[in-house]
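The values are calculated or read from the model by the stated rules, or taken from the named source; none is laboratory data. Computed from a predicted structure; not experimentally measured. Methodologically, a virtual Cβ is constructed for each residue, glycine included, from the backbone with ideal geometry; neighbour enumeration extends over all protein chains shown. SASA here: full protein model, heavy atoms, side chains in, ligands and nucleic acids out. Shrake-Rupley method; radii C 1.70, N 1.55, O 1.52, S 1.80 Å.
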Amino acid sequence: MIKYECIPCGYIYDPEVGDPENDIPPGTPFEDLPDDWVCPVCFADKDQFDPIEE
């Protein structure tokens, strides 16, 4: 699965980990995050994230 990086703060959303703090279970692709999900660090919207090439 593709990881995504928050442009403003550098937080990495890893789909294999999810976002347990915000009830997003492991295995949730970035595309399947709720529309109102925001970066847990700086609260940036999803459109402030870029995919990371690995």
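Brief remarks on what is shown
- Measure of compaction for region 7-46 (Cα Rg per 2.2 N^0.38 Å): 1.05
- A simple charge model with +1 on the Cβ of Lys and Arg, -1 on the Cβ of Asp and Glu and nothing else charged puts the dipole of the chain at about 120 debye relative to its Cα centre.
- Apportionment of accessible area to carbon and sulfur, the chain, percent (1.4 Å): 50
- Sites matching chymotrypsin sites (Phe, Trp or Tyr not before Pro) across the chain that sit in DSSP coil, with at most 15 neighbouring C-beta atoms within 10 Å: PHE43
- 17 Å reach of a label modelled at ILE2, 7 Å along Cα-to-Cβ, counting backbone N of region 30-54: 30-34, 46-54
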